[in-house]
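Read-outs throughout are calculated quantities, based only on the coordinates presented, and are distinct from any laboratory measurement. Because the structure is a prediction, the values reported are computed rather than measured. Note that we place each Cβ from the backbone using ideal geometry, even for glycine, and neighbour counts take in every protein chain shown.
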Amino acid sequence: SLSALRSTVLSQDFSGKDCQYSLALRRGGGPWDEFPNTIAAADWKPSRKLNENMTFSGMFPSPGNYEVNISCSAEGYSSIYMSDSVDCLYVRRELRKIADEEKEEFLDMFVLMHETPTEHGVKLYGKHYRSLTDFQIMHLRAAGARELDHIHDGLGAVTQHVAITSEFELSLQSLKPHLSVPFWDYTIDSAIMETTYGHADISSIIKYSELFTPNWFGRTDSKAHTVTEGRFGNMEIERNYNFSTRSPYGFLRAPWNINPNKYITRYHKICGSATYSPELTKWTVNLMWPTCDSHFKMTNSPEISSWYDWAWNITYLPHGPVHAWIGGVGGQCNEFDALLDNGWIDDYQLLLLKHNAFIILKNAWRDFLIETPKLCSQDAPIESCMWKCVENISTQHHVKMGLAAFGDINTSSPYFDSIARKVYCDTPYWPGDHLEAASAAEASFWPIHPTLDRLLQYKDLVRPFTNGEWILDNETSTYCTNIIGCKGHHAYDLTYWKQVFKTSSGVYTTRHRTNIEVRDAVTPTGDYSVPYIYDFGWPHCEEVGVIFKTVSSSR
């Protein structure tokens, strides 16, 4: 396959003379033809002489299948004709492997999408342009709904994010047609930490990674908890009290988030803690940065053999801690330490509470245990924007279940009522933006989900699912963490965003599709119909003793 919209050199090994080549679309094209000031793929028909090295170059205008024709004069013959076809697709590369110029363009276009409203952008860049605010609004509506999270914590999480990335990528390409969304292989970071420091030190990953510098996603000021320099310096979260889903302060944040900071917020700690517990398996407690081992298990190991098990596991330990450590949890939940100081809980229980704080908060809001204010003025102090608890909080069923599950604290504790009030009612805290429904505001949000798409494609190539059914059975299988509902997670629920895919005619189009259609479209051994491919290689994992099967030897 050749790369779309990149100068590609082709050659032929016949020793003829006066050779002429021509290129033409056989099947392909689509939404890229509709960008302003572009040549439609069907109208792109270059025809020139080959140079003296018998090579020629072409910049294919969009994904598709192209015909390559060469005609040459030869001694004893009037002419010789040769014909072949080539496939052209975008290539999604690991973000540290893309060229510096392309990296700058990707990051600059993200800022442009942040600054340019959709209505204005469509006039300039065409109908496929969407502003970052549009993506934030839809992500927030889906993830911040009161009844459930429609795009996380369920079987539709991966396919919903394949779709949002696809629509985002098309908007990006309306600005710079040669760009694709890079993927972030975060196992590189844990491998570097392991080989450099002897363990996957979370603070070292954030502190020393080139990705958290002004050249990439920006360095976080440890006091301001935001980026203060570079292109992302002091980037603000959109505020509008007319948003249908918003924070009490009017920001495009979850309704349970009382963060008063107008800037994109990162803490890189969980309630003041930067520790994790390798001996614990649940990612909400462990929060260990994804490793080569965790990604190997999801792709090469026989332990995960069904789509159901894969879909339920992939967004947690192999992925979720990236959100957790970039966003973190701030506010005053470091004051949970007082529970330990008072002798009411032990170190283990404190760790559980802190690492589950963001889950406790959003669950409390969804379970109607707390109500946040409908509106807080821009200058309102936290104390006047604090949520209110229901009466008799410690007797509520969801509180008893929550403290047992997320703190190993049971009603037999003589301090249960005081602990419940401290955790649920008296302590203001909130997640950083990467760890909540507002995460699409972060530039680093966008490369972390193609990683899951890549793992799904790779698994299909090296160890396909033995059971591809969406659910295993109707009695024990669950679509999401909710007891009822689960809209967005069923096989035939439509994705909230449009996917770019190839139709049976070979032309690409874009529309909302079902979760299972999106999954099938990214299955290499099945109905592969997306306009991009990935490179598959984990050489960094070999340095820590984890050998991923190569695609070429697996077929």
* Asked: Under a plain spin-label model, where a point goes 7 Å from the Cα along Cα-to-Cβ, how far apart in nm are Ser552 and His120?
  -> 5.0 nm
* Asked: So, in nm, how far is label Asn474 from label His397 when the simple model puts each one 7 Å beyond its Cα toward the Cβ?
  -> 2.5 nm
* Computed label-point distance, nm, for sites Lys45 and Ser73 using a 7 Å Cα→Cβ extension -> 2.5 nm
* At 0.36 nm per residue, minus the direct Cα-Cα distance, what do Thr510 and Glu371 gain on full extension? Give it in nm, one decimal, please. => 46.1 nm
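Could you tell me the relative contact order of the chain? Use alpha-carbon pairs under 8 Å, at least six residues apart, and round to a whole percent. Working shown, then result.
Working: 1041 pairs, mean separation 98.7, N = 555.
It rounds to 18 percent for the chain.
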* Tell me which label goes with the value of Rg/Rh (Cα atoms, Kirkwood Rh) computed from the coordinates here: [x] 0.95; [y] 1.02; [z] 1.57. => [y]
* To do: Give, as a single signed number, the net charge of other residues whose beta carbon lies under 12 Å from the beta carbon of Ile151, with Lys and Arg counted +1 and Asp and Glu -1.
  => -1
* Asked: All other residues with a Cβ under 13 Å from the Cβ of Gly545 taken together, and with Lys, Arg as +1 and Asp, Glu as -1, what is their net charge?
  -> -4
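So what's the net charge close to Thr220: Lys and Arg +1, Asp and Glu -1, counting the other residues with Cβ under 13 Å from its Cβ?
Details: positive: Lys207, Arg219, Lys223, Arg266, Lys269; negative: Asp221, Glu229, Asp433, Glu442.
Its environment carries a net charge of +1.
If you average 1/r over every pair of different alpha-carbon atoms in the range 394-539 and take one over that average, what Kirkwood value in Å do you get? Intermediate values should be presented prior to the final figure.
Numbers: mean 1/r = 0.0513 Å⁻¹.
Result for the range 394-539 stands at 19.5 Å.
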* To do: Amide H neighbours of His512 under 5 Å, at least 5 residues apart or on other chains, H built in the peptide plane: list them.
  => Gln499
* Structure fact -> Per the 1/(1 + (r/R0)^6) rule, R0 = 25 Å and r from the Cβ atoms of Thr525 and Ala99, FRET efficiency to 0.05 is 0.20
